[in-house]
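Colleague: Handing you this structure, nothing more for now.
Only the coordinates and a few stated rules stand behind these numbers; no lab work does. All of these numbers come straight from a predicted model, not from anything done at the bench. No Cβ is skipped: glycine too gets one built from the backbone with ideal geometry, and neighbour counts run over all protein chains shown.
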Amino acid sequence: IGSELPVWDIRDNFQDTSLLVTTVEQGRDLARCLGGRRVSLMRGHGCVVAGKSIREVVMASVYLQVNAGLLLDSLRLGEVKYLSPGEIELMSASQMRPTSQKRAWEYWANRAGRAVGATLDNGG
């Protein structure tokens, strides 16, 4: 997910809203918060996940939820020893390799009941 997880609060620059990004200005503000990172939390409304492909976004989304659960469980046990920036970089590079993404995608596609070779644009 990365070494930082910024939080974007729509109210900071747009006062009271429905919490949905509905204007170009709001989208640009959220993009500035995200910067070059993969994920930004959105106060009161979940998160935004970015990537170079749908597979990359799905992988980050799944692991965001898994990591959040593991962190909550770990915090109950005591002090957490977080990954170093170098460990984060090496793990991210490993997870984003095409072979790693393909393996994860096949697993999730099978769990979802879709054919492994199916794509999103051909209705498969």
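Colleague: May I ask you to list the residues in the range 54-76 that are in contact (Cβ under 8 Å) with a residue 12 or more places away in the chain and aliphatic (A, V, I, L, M)?
Modeller: Result: I54, V58, M59, A60, V62, L64.
Colleague: Okay, next question. In the range 7-27, how many are among the acidic types (D, E), under 19 Å from the mean Cα position of the chain (by Cα) and surrounded by fewer than 13 Cβ atoms within 10 Å (Cβ to Cβ)?
Modeller: Residues meeting the conditions: 0.
Colleague: May I ask you to verify whether G44 is touching a residue at least 12 places away in the same chain (Cβ under 8 Å), surrounded by 12 or more Cβ atoms within 10 Å (Cβ to Cβ) and either among the polar types (S, T, N, Q) or part of a loop (DSSP other than H, G, I, E, B) (or both)?
Modeller: no
Colleague: Still on this structure: Yes or no: E79 assigned to a loop (DSSP other than H, G, I, E, B), free of Cβ contacts under 8 Å to residues at least 24 places away in the same chain and either surrounded by 10 or more Cβ atoms within 10 Å (Cβ to Cβ) or of a type outside the set (S, T, Y) (or both)?
Modeller: yes
Colleague: Okay, next question. Which condition does E56 not pass, out of (1) assigned to a helix (DSSP H, G or I); (2) surrounded by fewer than 17 Cβ atoms within 10 Å (Cβ to Cβ), if it passes all the others?
Modeller: (2)
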